[in-house]
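Q: This structure is in structure tokens; I'll ask about it shortly.
The values are calculated or read from the model by the stated rules, or taken from the named source; none is laboratory data. Fair warning: this is a prediction, and the values are worked out from it, not measured in the lab. Here the Cβ positions follow ideal geometry from the backbone for every residue, glycine too, while neighbour counts run over all protein chains shown. Keep in mind that these areas ignore ligands, DNA and RNA; they rest on the heavy atoms of the full protein, side chains included. Shrake-Rupley method; radii C 1.70, N 1.55, O 1.52, S 1.80 Å.
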Amino acid sequence: MAQIELSGIERVFKLGDSEVHALHELSVSIERGEYVAVMGPSGSGKSTLLNLLGLLDRPNAGTYHLEGRDVTTLSPDEQAEVRRTRIGFVFQSFHLVPRLTAAENIALPLMLAGIAPAERHARVAQALKDFGLETRASHRPDELSGGQRQRVAIARATIMRPAVILADEPTGNLDRSTGQDVTHLLEELNASGVTLIVVTHDPVMGGRARRRLLMEDGRLLQDVREPAPA
Amino acid sequence: MTPADTLRFATRAATGYPLRTALMVLAMSIGVAAVVVLTALGDGARRYVVNEFSALGSNLVIVLPGRTATGGLGLGNIITSTPRDLTVRDAEALLRAPLVTRMAPLSVGNSEIAWGGRLREAMVVGTSGDYVDIRAFRMAEGSFLPREDLGRASAVAVLGTKLRAEIFGNEPAIGRIVRVGDRRLRVIGVLDKTGQGLGMNTDELVFVPVATAQAMFNTNNLFRIIVEARSREAIGPAKQQLEDIMRLRREGELDVTLITQDAVLGTFDRILGALTMAVAGIAAISLAVAGILVMNVMLVAVTQRTAEIGLLKALGATGRNIRLAFLTEAALLSLAGALAGFALGHLGAWALRLAFPVLPAWPPDWAVFAGIGTALATGILFGVMPARRAARLDPVQALSRR
Ligand SMILES: Nc1ncnc2c1ncn2[C@@H]1O[C@H](COP(=O)(O)OP(=O)(O)OP(=O)(O)O)[C@@H](O)[C@H]1O
Ligand SMILES: [Mg+2]
């Protein structure tokens, strides 16, 4: 069984009398370690799909198996646990807690998981080093550049060593070259075995992915796989 | 999430918005300080009155002429119609009650005292030798009035310590002849400092035998009779015996009022106790208002930090984690407010004691605990709703907010 298996997913938003089918009859499976770009026009349901994959949202119909387990039927606390241990999020607008330092932001998932301060310290220090943020450890987000902020966010997303990283337009708020740095960072993580699913409007970034899901009106229009580069 | 981490996280959140936190703590502390200061004032007044009465001595029954319907201290006890005089013979008769140990008649009038060219207005109290024991006074010099037949008008006087100082200065007083009104009396004793008692400052009084006073003021009646019962428990039965004796002497009609110290004290104690409670209640309302403020501030905090809550959920926080974090923050704010208010209140009570040295303005323990407890309880209670709202936020919508 694939790491991620979606079948017959429906997601309907009710706005007054009208219904919006954000996702419709969506079935897709993703293997461990894949690098997937989700692309498509605005409003096509990319973010909705990512939120479902990240267990932040529930489908109205269909099943979602993550690592062989049907996760749509889990209790909210069990879902929180899955998010905490198996999934890392990276957002377009970084979502750092403004009053906490870079190190404290990175430590948040460890704190939520109840990991002892000593181990937390060691892991955060290592992460700061890995992402070239040693000198920024005690800086608050408003003292960091956009690229640095997204690096803090990626460090935070990976500190729990998740199986899947979900990134919703991670380079959307960055200039071209910092965007490329962030893309490389994510690809390095993918190279180490983590499944990477990126929503992007950037054809260059999309082109780098080995698999592209093209969406339109909540449907999967195209599922393009490229042979692994020789 | 460990409790220590929850506490640290909530502390960072509280200190992350210093102005908001300062205002909250201020509101809460004013409420607690109000409870502490107002109860200190009320309880101080209660203790002041109780002390004043206790200074009278214990186990006392006071007999005064005239009859009022109710016991205790009503206006009627002070302004009484006097059908028949209370006499020295009545006083002697009261001593026959088995449960009575001592008795002192009191006859009071204003006069002047003079010695060696010095002249001073003074209140003269005619009484018996037992008065000094009933009131538990100590002698500074000499002895108190002799224990003799109440009809004897011996020409002797005992002075209060302040009066003695004013008349004699540093010169010896014992054995000197002073003029009191139209009489010449020999000073046989000086009382030790006694302090205030029921508005009469004993240190400024002249004590003379009751017959001497009555002759001086040309009267037969007594101001009151003070009777001492055998014990505290005997006060009730003794009062009954006294009433029986008086009835016998007045052809079955009781035209005197007997006040027990307990009744007077009890009345004052109740009135001032109730006052303290009422005042504490009013102050507690300000605490409730502070609690509502906590709720509003926390609701605003939830709205302000919507994106943060969404993020925490994305990172795997459970609803319980978030609820606890916000609840802890509310509790911290009210705890800080309560402690600040406690300090502020004690400062206020101290200022009160400085301004009114006679008033023992210490806040009672129950009020301090109740004040801090109410602050914490309201803070947490009113923190529950915002915390639950935070925990219930839909993470997707929360995250889409910047
Ligand atoms: N909470 C919601 N309530 C109602 N409609 C919603 C909600 N969230 C999303 N939608 C609708 O669902 C559809 C898909 O939205 P989604 O955010 O997934 O699009 P997207 O592909 O991420 O677009 P973009 O590229 O602009 O981010 C849209 O038509 C959107 O209006
Ligand atoms: Mg989107």
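Q: Give me the accessible area per residue for segment A:4-225, probe 1.4 Å, as a whole number in Å². It would help to have the intermediate numbers written out before the result.
A: On the way: 9480 Å² over 222 residues.
The answer is 43 Å² per residue.
Q: For helix B:235-249, report the angle its Cα long axis makes with the longest principal axis of the Cα atoms of chain B; keep it between 0 and 90° and round to the nearest 10°.
A: Helix B:235-249 sits at roughly 40 degrees to that axis.
Q: Taking the Cα centre of segment B:67-254 as origin, sum charge times position over the Cβ atoms of Lys and Arg (+1) and Asp and Glu (-1), and report the length of that vector in debye to the nearest 20. Mind dumping the intermediate values first?
A: Values: 26 positive and 22 negative charges, 22 e Å.
It comes to approximately 100 debye.
Q: Let me ask another. Testing the spin-label approximation: label points 7 Å from Cα along Cα→Cβ at residue A:18 and residue B:119. State their distance in nm.
A: 10.9
Q: Once the Cβ-Cβ distance between residue A:31 and residue A:60 is put in as r, and R0 is 30 Å, what FRET efficiency do you end up with, to the nearest 0.05? It would help to have the intermediate numbers written out before the result.
A: On the way: r = 26 Å, r/R0 = 0.88.
Plugging the Cβ-Cβ distance into 1/(1 + (r/R0)^6) gives 0.70.
Q: When the solvent-accessible surface of protein heavy atoms is calculated with a 1.4 angstrom probe, in what order do B:347, A:128, B:335 fall, highest first? List each step's numbers first, then the result.
A: Numbers: B:347 110, A:128 15, B:335 70 Å².
In descending accessible area the options line up as B:347, B:335, A:128.
Q: Continuing with this model, one more query. If I model segment A:4-225 as equal point scatterers sitting on the Cα atoms and use the Debye formula, what is log10 I(q)/I(0) at q = 0.14, 0.17 Å⁻¹?
A: -0.88, -1.24
Q: At most 11 other Cβ atoms within 10 Å and a DSSP loop assignment: could you name the trypsin sites (Lys or Arg not before Pro) in segment B:197-237 that fit?
A: Answer in residue order: B:232.
Q: For residue B:312, what charge total do you get from the other residues with a beta carbon under 11 Å from its beta carbon, if Lys and Arg give +1 and Asp and Glu give -1?
A: On the way: positive: A:83, A:84, B:305, B:313; negative: B:308.
Result for the local shell: +3.
Q: Taking chain B as the reference, fit the longest principal axis to its C-alpha atoms, fit the long axis of helix B:18-54 to the helix C-alpha atoms, and give the angle between the two in degrees, 0 to 90, nearest 10.
A: 20
Q: Just add up the charged neighbours of residue A:99: K/R +1, D/E -1, any other residue whose Cβ is under 11 Å from the Cβ of residue A:99.
A: Values: positive: A:140, B:12, B:305; negative: A:104, A:142, B:308.
For residues surrounding residue A:99, the net value is 0.
Q: Rank A:141, A:87, A:201 by how far each Cα sits towards the positive end of the charge dipole of segment A:4-225 (+1 on Lys, Arg Cβ; -1 on Asp, Glu Cβ) and give me just the farthest.
A: A:141
Q: Go through A:121, A:139 and list them by solvent-accessible area, largest first, probe radius 1.4 Å. List each step's numbers first, then the result.
A: Working: A:121 135, A:139 55 Å².
Greatest to least solvent exposure: A:121, A:139.
Q: Principal axis lengths of the protein assembly as shown from Cα atoms, whole Å, largest first?
A: That works out to 135, 54, 37 Å along the principal axes.
Q: Given charges of +1 on the Cβ of Lys and Arg and -1 on the Cβ of Asp and Glu, with all other atoms neutral, how large is the dipole of segment A:4-225 about its Cα centre, in debye to the nearest 20?
A: Numbers: 26 positive and 29 negative charges, 113 e Å.
Using Cβ point charges on Lys, Arg, Asp and Glu, segment A:4-225 gives about 540 debye.
Q: For segment B:338-351, just list the computed ³J(HN,Hα) in residue order, Karplus coefficients 6.51, -1.76 and 1.60, θ = phi - 60°, integers in Hz, with x standing in for Gly and Pro.
A: Values, residue by residue: 5, 5, 4, x, 4, 5, 4, x, 5, 4, x, 5, 4, 4 Hz.
Q: A further question follows. Let's test the formula: R0 of 35 Å, r as the Cβ-Cβ distance of residue B:254 and residue B:154. What FRET efficiency results, to the nearest 0.05? If you can, show how the numbers build up before the last one.
A: Values: r = 33 Å, r/R0 = 0.94.
According to the calculation, E is roughly 0.60.
Q: Once ligands and nucleic acids are excluded and a 1.4 Å probe is used, how much of residue A:77 is accessible, expressed in Å² to the nearest 10?
A: Accessible area of residue A:77: about 90 Å².
Q: What percentage of the solvent-accessible surface of the protein assembly as shown, computed with a 1.4 Å probe over protein heavy atoms, is contributed by carbon and sulfur atoms? Write out the running numbers ahead of the final one.
A: Working: 16110 of 28440 Å².
On the protein assembly as shown, the fraction of accessible area on carbon and sulfur atoms equals 57 percent.
Q: Give, ordered by residue number, each residue of segment B:1-48 whose 1.4 Å probe accessible area is reduced by a minimum of 40 Å² on adding the remaining protein chains to the chain alone.
A: Relative to the lone chain, where solvent access is computed with a 1.4 Å probe, segment B:1-48 loses at least 40 Å² at B:1, B:5, B:9, B:12.
Q: Please check which bits of segment A:80-105 a label hung off residue A:135 would reach, taking the label as a point 7 Å along Cα-to-C-beta and the cut-off as backbone N under 13 Å.
A: Hits in segment A:80-105 for residue A:135 at 13 Å: none.
Q: Report, to the nearest 10°, how far helix B:3-15 tilts away from the longest principal axis of the Cα atoms in chain B, using its own Cα long axis and a range of 0 to 90°.
A: Helix B:3-15 sits at roughly 80 degrees to that axis.
Q: On to the next question. May I ask you to give the solvent-accessible area per residue for segment B:153-243, in square angstrom, as obtained with a 1.4 angstrom probe? Walk me through the numbers before you get to the answer.
A: Working: 3930 Å² over 91 residues.
Counting only protein heavy atoms, the per-residue value for segment B:153-243 is 43 Å².
Q: Would you please give the FRET efficiency between residue B:400 and residue B:267, computed as 1/(1 + (r/R0)^6) with r the Cβ-Cβ distance and R0 = 60 Å, to the nearest 0.05? Working shown, then result.
A: On the way: r = 68 Å, r/R0 = 1.14.
With a Förster radius of 60 Å, E is 0.30.
Q: Let me ask something additional. Put +1 on the Cβ of every Lys and Arg and -1 on every Asp and Glu Cβ in the protein assembly as shown; which of B:281, B:359, A:6 then has its Cα farthest towards the positive end of the dipole?
A: Result: B:359, furthest along the dipole toward the positive end.
Q: Return the value, in Å² to the nearest 100, of accessible area buried between chains B and A (probe 1.4 Å, both sides summed).
A: Roughly 2300 Å².
Q: Find which of A:213, A:103, B:172 sits farthest along the positive direction of the dipole of the protein assembly as shown, computed with +1 on the beta-carbon of Lys and Arg, -1 on that of Asp and Glu, about the Cα centre.
A: Farthest towards the positive pole: B:172.
Q: Tell me, what HN-Hα J-couplings in whole Hz come from the Karplus equation 6.51 cos²θ - 1.76 cosθ + 1.60 at θ = phi - 60° for each residue of segment B:274-282, using x for Gly and Pro?
A: 4, 4, 4, 4, 4, 5, 5, x, 4
Q: Shifting gears a bit: Skipping prolines and chain starts, which residues have an amide H placed within reach, meaning under 5 Å, of the one on residue A:139, given they are 5 or more residues away or on another chain?
A: For residue A:139, whose amide H was placed from the backbone, the distant partners under 5 Å are A:102, A:103.
Q: Whole-Hz ³J(HN,Hα) for each residue in segment A:37-42, computed from phi via Karplus 6.51 cos²θ - 1.76 cosθ + 1.60 with θ = phi - 60°, x for glycine and proline: what do you get?
A: 9, 9, 10, x, x, 4
Q: Under 5 Å between amide hydrogens, which residues at least 5 positions from residue B:257 or on another chain qualify, with H placed 1.01 Å from N in the peptide plane?
A: HN-HN under 5 Å from residue B:257: B:64, B:66.
Q: Just the number: Rg to Rh for segment B:67-254, Cα atoms, Kirkwood Rh, two decimals. Working shown, then result.
A: Working: Rg = 17.3 Å, Rh = 17.5 Å.
Here the Rg-to-Rh quotient is 0.99.
Q: With no solvent and one point per C-alpha, what does the Debye sum give as log10 I(q)/I(0) for chain B at q = 0.06, 0.08 Å⁻¹?
A: The computed values of log10 I(q)/I(0) come out as -0.45, -0.62.
Q: Using only the Cα atoms of segment B:135-199, build the gyration tensor, take square roots of its eigenvalues as a ≥ b ≥ c, and label the shape rounded, prolate or oblate: rounded if a/c is under 1.5, else prolate if a/b is larger than b/c, else oblate. Don't skip to the answer; put the middle values down first.
A: Numbers: a/c = 1.62, a/b = 1.13, b/c = 1.43.
Oblate is the answer for segment B:135-199, as a/c is 1.5 or above yet b/c matches or exceeds a/b.
Q: Local charge sum around residue B:37 (other residues, Cβ-Cβ under 13 Å, Lys/Arg +1, Asp/Glu -1)? Don't skip to the answer; put the middle values down first.
A: Working: positive: B:353; negative: B:43.
Charge balance in the 13 Å sphere: 0.
Q: How much of residue A:64 can a 1.4 Å solvent probe reach, expressed as accessible area in Å² and rounded to 10?
A: 10
Q: Given a 1.4 angstrom probe, what's the average accessible area per residue across segment B:279-389, in square angstrom?
A: On the way: 4740 Å² over 111 residues.
Per-residue value: 43 Å².
Q: List the residues whose amide H sits under 5 Å from the amide H of residue B:129, counting only those 5 or more places along or on another chain, with H placed 1.01 Å from N in the peptide plane.
A: Residues meeting the criterion, in which the H sits 1.01 Å from N, are B:148.
Q: Taking a spot 7 Å from the Cα of residue B:177 along the direction of its beta carbon, which residues of segment B:101-122 have an amide N less than 17 Å from it?
A: B:113-118
Q: So how do A:14, A:129, B:239 rank on accessible area, 1.4 Å probe, biggest first, that is with the largest at the start?
A: Values: A:14 145, A:129 120, B:239 60 Å².
So the residues, ranked largest to smallest area, are A:14, A:129, B:239.
Q: Quick one: the Cα spread of segment B:110-171 along its three principal axes, in angstroms, biggest first?
A: Cα extents, longest axis first: 33, 23, 18 Å.
Q: Longest exposed-loop-site-free stretch of chain B, with GluC sites (Glu not before Pro), DSSP loop and at most 13 other Cβ within 10 Å? Spell out each step's value before the answer.
A: Values: sites that count: B:148, B:233, B:251, B:253.
Of all site-free stretches, the longest is B:254-402.
Q: List, largest first, the extents of the alpha carbons of segment B:274-326 along their principal axes, each in whole Å.
A: Over segment B:274-326, Cα extents along the principal axes are 55, 19, 8 Å.
Q: Please say if segment A:12-106 is rounded, prolate or oblate, where rounded means a/c under 1.5 for a ≥ b ≥ c the square roots of the C-alpha gyration tensor eigenvalues, and otherwise the choice is prolate for a/b larger than b/c and oblate otherwise? The partial results should precede the final answer.
A: Values: a/c = 1.58, a/b = 1.31, b/c = 1.21.
Judged from the Cα gyration tensor, segment A:12-106 comes out prolate (a/c at least 1.5, a/b above b/c).
Q: Now for a separate question. Roughly what would the spin-label model give for residue B:289 and residue B:95, points 7 Å off Cα along C-beta, in nm?
A: About 6.3 nm, to one decimal.
Q: Quick one: putting +1 on the C-beta of Lys and Arg, -1 on the C-beta of Asp and Glu, what dipole do you get for the protein assembly as shown around its Cα centre, in Debye to the nearest 20? Please list the in-between numbers first.
A: On the way: 68 positive and 62 negative charges, 214 e Å.
So the magnitude is around 1020 debye.
Q: Mind grabbing the accessible area of residue B:147 for me, 1.4 Å probe, Å², rounded to tens?
A: In the full protein context, residue B:147 sits at about 150 Å².
Q: Give me the distance in nm between label points sitting 7 Å out from Cα along the Cα-to-Cβ direction at residue B:392 and residue A:122, one decimal.
A: 4.3
Q: Relative to the isolated chain, which residues of segment B:289-323 have their accessible area cut by 20 Å² or more in the presence of all protein chains (1.4 Å probe, heavy atoms, no ligands or nucleic acids)?
A: Going by heavy-atom accessible area, the residues of segment B:289-323 that drop by at least 20 Å² are B:308, B:311, B:312, B:313, B:314, B:315, B:316, B:317, B:318.
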